[in-house]
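Readers should treat all values here as calculations from the given coordinates under stated rules, not as data from a laboratory. What you see is a predicted model; the values in this text were computed from it and never measured. Every residue, glycine among them, receives a Cβ derived from its backbone with ideal geometry; neighbour counts consider all protein chains shown.
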Amino acid sequence: MPRSFTLPSGTVLRCRGWRQEGLLRLLENVLAIGEAPDDLVVYAALGKAARNWESHDAIVDALKTIHEDETLVVQSGKPIGVLKTHEHAPIVIMANCNIAGRWATAEHFYDLEKRGLICWGGLTAGDWQYIGSQGVIQGTYEILARIAEQHFGGTLAGRFVLTAGLGGMGGAQPLAGRLAGAAILCVEVDEARLARRQSAGFLDVVAQDSNTALALVAEAVKQRRALSIGLCGNAADIYEDLYARGVIPDIVTDQTSAHDLVYGYVPSGFTAAEAVMMRSDPERLIAEARASIVRHVTAMLGFQRAGAIVFDNGNLIRSQAYEGGVEDAFSIPVFTEAFLRPLFCRAIGPFRWISLTNSRGDIARIDDFVLEAFPGNRVVTNWIRLAREHVPFEGLPARIAWLGHGERTELALAVNRMVAEGQLGGPVAFTRDHLDAGAMTHPKIMTENMRDGSDAITDWPLINALAMASSQADLVAIHSGGGGYAGFMTSAGVTVIADGTPAAAERIRLALTNDTSLGVMRYADAGYVAALDEAREKKIHYFGIGTGAE
Ligand code: NAD
């Protein structure tokens, strides 16, 4: 029988408490808004909410039956069993896709996955924290806003942004670019993806060919008008062609799924459907994809030499090009180091909250509260105003905002109070992206060129997860990369349910405060002065041994 993916709502519990019910609703939510829910895929072709349907159903049953003093253990999307713990312990702990170092390769991952021994949880798919495009819209907007500040006098009006890839994550780019005020051209090989983003209102127009697209860009730039334009084509071909014509955008990036040459990047000369058929010949597919990526990145380097701000947006395109022989691929900086690290030093990162009762009104009330509580925080207030007007909710209504140490705890405690006092219709879940200060090691995305050279040390996310479990979080997860990300990263996820009880307040106080404390410590320990200052100013109990900071 076909599965239906309906959103939970209301306040009737199916579980023994809101902690279990909240996590169950988050699982239902990621499937309801996922890219291919019939296959349990939430995003990025392989990022799954559970290993298979048998595992999924057993997780649901367990959440419905376990008591507050029990903990469900999940290994790569498969529930293993229930442990007797205590009422302050997490309801769910999980480890997703962690493979011993020497074996952590894409090939080994695919083999393990085929044999049903593992699955990849992405970042927020496997631990049920995905909130749809809003998270990545905000992240992309944040990067563009930082570039505007650093390079263009604070605005992207009259600027041309070139990018590619309109998938689960990359599909956020046209809206983020428009919100940042730019004329943004998005190249996508799959017409269905273009149509989907246009019907969602993210793309203003889909151009029929490059000349039409460039004319639209030129007009919008001249009028300093924000406009998002889609163009069907292969990014390697289009980037190369624009460079050859001497068309140099102000900003260039890419969000094709270049991290995975079998299940992601479509080589030049093939349609998206043809690339899927070629999966039966992975060696050829990888060779073709890498050859295209070499051309793709060579054009990006050309744009950079010609004065464009070019950056890697976390899809490993530089690593793939480097392996294909592009020796200077890493002269393109990664977005985190180039634009976001000063924020991470203060543990300011992608914090999220989700209405578990499916109440838009509750999110609006929390928006109002944030605007009142943090009037001096321009990054947050600016985003909340834009988001409430332009960003559609997907699934359970949710909001993301880049809040830092202290602010997250303050907000969540206030929301917990509002739940207790009946000012909100029901409980709210708090979580964050794994790409957050102390929670991720990824030497090619998050921790590239750390000041002390600690790029590849994965102790930090592991410590984070241990600390979250000791700080009464409701769900704690340790993830490593799968597919093309195998061997590249380890990260930690955390979720806390604010159900209005004093116990929830204690969980919030401990988990959210310790999460950001560790974020500041991670950057302080790498010798970043801003993080050392933050630790001092916020009285974080950090030792500071051998930080090497001046
Ligand atoms: P996805 O697989 O859902 O979408 C990729 C899109 O790229 C598809 O629509 C595909 O048709 C298109 N595409 C593939 N090859 C192309 C080519 N040669 N030319 C034009 N279009 C092409 O993936 P996603 O979830 O959108 O993620 C995209 C990439 O961004 C991934 O590598 C992902 O891991 C990465 N990512 C990075 C961050 C970050 O750290 N900033 C956040 C989210 C995702």
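A few notes on this one:
- Unique residue being surrounded by 21 or more Cβ atoms within 10 Å (Cβ to Cβ) and within 12 Å of the ligand (Cβ to nearest atom) when the list is Ala289, Ala329, Ala347, Ala272: Ala289
- Yes/no for Leu340 being assigned to a helix (DSSP H, G or I) and in contact with a strand residue (DSSP E or B) (Cβ under 9 Å, 6 or more places away or on another chain): yes
- 2 or more residues within 16 Å of the ligand (Cβ to nearest atom) and of a type outside the set (Asp, Glu): qualifying strands (runs of 3 or more DSSP E) within segment 1-86: 41-43
- From Leu194, Leu214, residue being without any contact (Cβ under 8 Å) to a residue 60 or more places away in the chain, more than 29 Å from Gly132 (Cβ to Cβ) and surrounded by 14 or more Cβ atoms within 10 Å (Cβ to Cβ): Leu214
- Being out of contact with any Gly (no Cβ under 8 Å at 6 or more places or on another chain), loosely packed, with under 15 Cβ neighbours inside 10 Å and not charged (D, E, K, R) is a property that holds for Pro375.
- For segment 180-225, a residue qualifies if it is touching a helix residue (DSSP H, G or I) at 6+ places or on another chain (Cβ under 9 Å), part of a loop (DSSP other than H, G, I, E, B) and more than 16 Å from the ligand (Cβ to nearest atom), and the qualifying residues are Gly181, Ala182, Gly201, Asp204, Arg225.
- Residue in segment 247-261 that is on the phi < 0 side of the Ramachandran plot, within 8 Å of the ligand (Cβ to nearest atom) and either assigned to a helix (DSSP H, G or I) or surrounded by fewer than 22 Cβ atoms within 10 Å (Cβ to Cβ) (or both) present: no
- Looking across segment 76-132, the residues that are surrounded by fewer than 23 Cβ atoms within 10 Å (Cβ to Cβ) and among the charged types (D, E, K, R) come down to Lys78, Lys84, Glu87, Arg102, Glu107, Asp111, Glu113, Lys114, Arg115.
- Selection of segment 514-546 for residues being touching a helix residue (DSSP H, G or I) at 6+ places or on another chain (Cβ under 6 Å) and surrounded by fewer than 19 Cβ atoms within 10 Å (Cβ to Cβ) yields only Ala530.
- On inspection, Asn234 passes the criterion of being under 20 Å from Asn211 (Cβ atoms) and within 13 Å of the ligand (Cβ to nearest atom).
- Every pair of residues 6+ apart whose Cβ atoms lie under 7 Å, when the first sits in segment 50-64 and is β-branched (Val, Ile, Thr) while the second is crowded, with 20+ Cβ neighbours inside 10 Å and not in a helix (DSSP H, G or I): Ile59/Ala50; Ile59/Val74; Ile59/Pro79
- Residue match in segment 423-441 (condition: over 24 Å from Asn29 (Cβ atoms), out of contact with any Pro (no Cβ under 7 Å at 6 or more places or on another chain) and surrounded by 24 or more Cβ atoms within 10 Å (Cβ to Cβ)): yes
- Yes/no for Pro90 being under 18 Å from Gly116 (Cβ atoms) and touching a strand residue (DSSP E or B) at 6+ places or on another chain (Cβ under 9 Å): no
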